Amino acid sequence: MTAILAITRAGPLTSVQDLGRFGMLGNGISAAGAMDRAGYLAAGEAVDAPVGAIEITRAGLDLVLEQGSCRVGFAGGDFILRRNGEPLAWPGTTRLSSGDRLTITPGAAGNYGYLRFDAQIDVPMLLGSLATSSRAQLGGFSGRALAAGDRIRLKSAQPERPMTACHPGAGPIRVIWGLHADLFAAEVRNRFVTSPFTISAQLDRMGVRLGAPPNMFASSANLSLVSDAIVPGDIQILGDGTPIVLMRDHQPTGGYPRIATVISADFDRFAQLRPGTAVAFRPVTVEHAHQLLRSSLK
Amino acid sequence: MAPQATDMALASPTLIPLGDSALLVRFGNDLSEAANFAAIALARRLIADPLPGVVEVSPNLVSVLLRYDPMRTSFAELTGEVRLRTYSMGGAASASGSVARHRIAITFGGEAGPDLDAVAASLGLSAADFIKAHNAVPLRVLSTGFSPGFLYCGFHPAALVVSRRSDVRASVPAGSVLFAAGQTAIAATAIPTGWHLIGHTKLRNFNPHANPPTQVRAGDEVVFEAAP
């Protein structure tokens, strides 16, 4: 029998995600996809999940399995998950039968968690992906965030091809100097990699605003640039000096100067940093970033 | 014959890493016809004849983005290959493959084009003469990718160049025809914009249920005509 999930409470920006909708930049669509890929992969590995996940945000999610049964894997960040009121260890797996309730509330750390099932979330495959783009308002569940009252069917499907997740590192977030790094004075670049920043409360799937030491980028304002391609992890500096780290639902192109780009191996870890957390950046070479990827994938 | 200065510039673009999984091939710091031509020509060439390890090629106004798989190629290998391709392309950037031509009917002015009269007046033209001048010659699609199905078309002659508006409209509807900076742009979805809103078209260059979802590509030719 088809399993049906009913969402009874959803934190803002809860959405259906997978690894992303690639190859569409020229059409004006950035890839979207799981903010924490390692979390997405870990949740799926435990239950041989087909493509797709419910990405939960910091406020959590409540749901009830209205019909059928399924196994669910959960991982990413740190959340408190209860099955019919009984707490289960996060990350982990459990089996749900008709009438069972999951209640997920924030734990000690992290912004994003993933629920994956042993059946496929039945939303249309759009341009090769199930991912919801909050920017283009397409994909996933009618192109929008999940909300209380939504019902999601699960259908049987082949497990997603296994992929190894990047092992999360520790310490400063490593970056590669960015597209416009040469437009920033050497002294500004030096302060960028020696000063503490903080994660602000303004963060979503498109970008994370940072709190910066006063006047750090004041002399860099008013650069007039030709609009150019953006990649996830790009750190752009607005005209008023605010740094924003662009995330998976980034605009495909942009005209603000970009000083650096977060490396792939540290992107997931950065995405999970909560508002108020201190963050420091350290420059590495492209070659070093590739070595980190190779070693972390072993 | 000695290559011209612009050809030399095209043959030696700046190659810049964008993080650890993308490379940007940039043909200039300013938006010029030559840099735009070169970017589109290189992109078309790399799409037709892909480099190993490259997973996406996307042209921008003056650059080409190459997304690559760092497990399959390295930055050094890729930059070497791109330089070889660019050198062999030389100044022949304009002679690259077939170019599609699209006719786009525009309803100028009225409620859907509230800035038409002011734009025409700022250029010392009547609205009718502005429309005639605007549609006089075919333009090229300079770039896509700003938003789903969005088109930048250029370049208009210097006599038709106006700057952006001083304020930004929070949202203009799909089909809006926008004008500034020597270009005409067409929005396929609702967007915020600081460009002048001069008209509206029925063209919707975005259908997420088709693959590819857009029909007009960078480098294509567009011919504007006043809708009957």
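How much net charge surrounds B:Phe224 when only the other residues with a Cβ under 14 Å from the Cβ of B:Phe224 are counted, with Lys and Arg +1 and Asp and Glu -1? Could the numbers behind the result be given before it?
Details: positive: B:Arg101, B:Arg103, B:Lys132, B:Arg140, B:Lys202; negative: B:Asp220, B:Glu221, B:Glu225.
Local net charge: +2.
May I ask for the angle, rounded to the nearest 10°, between helix A:286-296 and the longest principal axis of chain A, with both axes built from Cα atoms and the value confined to 0 to 90°? Around 30 degrees separate the two axes.
For A:Phe141, nonlocal amide neighbours, meaning residues 5 or more places apart or on other chains whose placed amide H falls under 5 Å from its own, are A:Val16. With protein chains left intact and a 1.4 Å probe, residues in segment A:173-296 average 37 Å² of accessible area per residue.
Sorted from largest to smallest, which semi-axis lengths in Å does the alpha carbon gyration tensor of segment A:173-296 give for its equivalent ellipsoid, taking the root of 5 times each eigenvalue? It would help to have the intermediate numbers written out before the result.
Working: eigenvalues 80, 54, 48 Å².
Result for segment A:173-296: semi-axes of 20, 16, 15 Å.
Inter-chain neighbour count for B:50-60: the average number of beta-carbon atoms from partner chains within 10 Å of each residue's beta-carbon is 3. The Cβ shell under 9 Å around A:Asp36 holds other residues with a net charge of 0, Lys and Arg each +1, Asp and Glu each -1. Across segment B:101-226, Cα pairs under 8 Å and at least six residues apart give a relative contact order of 37 percent.
For segment B:5-94, the solvent-accessible area with a 1.4 angstrom probe is 38 square angstrom per residue.
Express the carbon and sulfur contribution to the solvent-accessible surface of the protein assembly as shown as a percent, rounded to the nearest whole number, probe 1.4 angstrom. If you can, show how the numbers build up before the last one.
Working: 11560 of 21460 Å².
Answer for the protein assembly as shown: carbon and sulfur cover 54 percent of the accessible area.
Which of the peptides A:253-263, B:127-137, B:57-67 is most tightly packed, and how do the rest follow, going by the mean number of other Cβ atoms within 10 Å of each residue?
Details: A:253-263: 24.0, B:127-137: 16.1, B:57-67: 26.8.
Result, highest mean Cβ count within 10 Å first: B:57-67, A:253-263, B:127-137.
With distances taken between every two different alpha-carbon atoms, segment A:92-155 has a Kirkwood hydrodynamic radius of 14.0 Å.
Positive end of the dipole of chain A (Cβ unit charges, origin at the Cα centre): among A:Pro252, A:Leu130, A:Phe184, the Cα lying farthest that way belongs to A:Leu130.
As a check on your grasp of the helix formula, calculate [θ] at 222 nm for chain B: sum -39500 (n - 2.57) over DSSP H runs of n ≥ 4, divide by the residue count, round to the nearest 500.
Numbers: 5 runs with 53 residues, N = 228.
Here the helix-only value at 222 nm equals -7000 deg cm²/dmol.
Dividing the helix sum by the residues of chain A, where each DSSP H run of 4 or more adds -39500 (n - 2.57), gives a mean residue ellipticity at 222 nm of -3500 deg cm²/dmol.
When the gyration tensor of chain A is built from Cα positions, what are the square roots of 5 times its three eigenvalues, in whole Å, from largest to smallest? Provide the component values of the computation, followed by the final result.
On the way: eigenvalues 254, 72, 61 Å².
Whole-Å semi-axes of the equivalent ellipsoid: 36, 19, 17.
Antiparallel beta bridges, as assigned by DSSP with both residues in segment B:101-226, represent about 80 percent of the total such bridges. Its alpha carbons considered, the protein assembly as shown gives a radius of gyration followed by a Dmax of 24.3, 81 Å. Counting Cβ atoms of other protein chains within 10 Å of each residue's Cβ and taking the mean over peptide A:285-295 gives 4. Under the criterion of Cα pairs below 8 Å and six or more residues apart, the relative contact order for chain A equals 21 percent. Sorted largest first, the principal axis extents computed over the alpha-carbon atoms of segment B:39-170 equal 57, 34, 23 Å. Calculated translational diffusion coefficient of segment B:10-109 (4 °C, 1.567 mPa s; Stokes-Einstein with Kirkwood radius over alpha-carbon pairs) equals 91 µm²/s.
Computed from backbone phi, the HN-Hα couplings of segment A:163-168 come to 9, 8, 7, 5, 6, x Hz, rounded to whole numbers (Karplus: 6.51 cos²θ - 1.76 cosθ + 1.60, θ = phi - 60°; Gly and Pro given as x). Dipole check for segment B:5-94: with +1 at the C-beta of Lys and Arg, -1 at the C-beta of Asp and Glu, and the Cα centre as origin, the magnitude is about 80 Debye. For segment A:3-155, averaging the sequence separation of C-alpha pairs within contact (under 8 Å, six or more residues apart) and dividing by the residue count gives a relative contact order of 34 percent.
Normalised Debye scattering of segment A:3-155 at q = 0.12 Å⁻¹ gives log10 I(q)/I(0) of -0.43, counting only Cα atoms as equal scatterers and leaving out solvent.
Springs join every pair of Cα atoms under 10 Å in this Gaussian network model of chain A, and among A:Pro232, A:Pro196, A:Pro252 the largest mean-square fluctuation is at A:Pro196. The mean number of partner chain beta-carbon atoms within 10 angstrom of a residue's beta-carbon across peptide A:257-263 is 2.
The string of couplings for segment B:202-214 from the Karplus curve (6.51, -1.76, 1.60, θ = phi - 60°) is 7, 4, 10, 7, 7, 9, x, 8, 10, 9, x, x, 10 Hz, one whole number per residue in order, with x for Gly and Pro. Inter-part distance, segment A:1-76 to segment A:165-179, computed on C-alpha centroids, equals 24 Å.
Alpha-carbon geometry of chain B: the Rg and the Dmax are 18.9, 59 Å, given in that order. Looking at segment B:101-226, the pairs of alpha carbons with a distance over 21 Å make up 32% of the total. In the assembled protein chains, A:Met163 presents an accessible area of approximately 90 Å² (probe radius 1.4 Å).
The values are calculated or read from the model by the stated rules, or taken from the named source; none is laboratory data. Just so you know, these numbers come straight off a predicted model, no measurement behind them. Glycine also receives a Cβ, built like all others from the backbone with ideal geometry; neighbour counts cover every protein chain displayed. We work out accessible area using only protein heavy atoms, side chains counted, and drop any ligands, DNA or RNA first. Shrake-Rupley method; radii C 1.70, N 1.55, O 1.52, S 1.80 Å.
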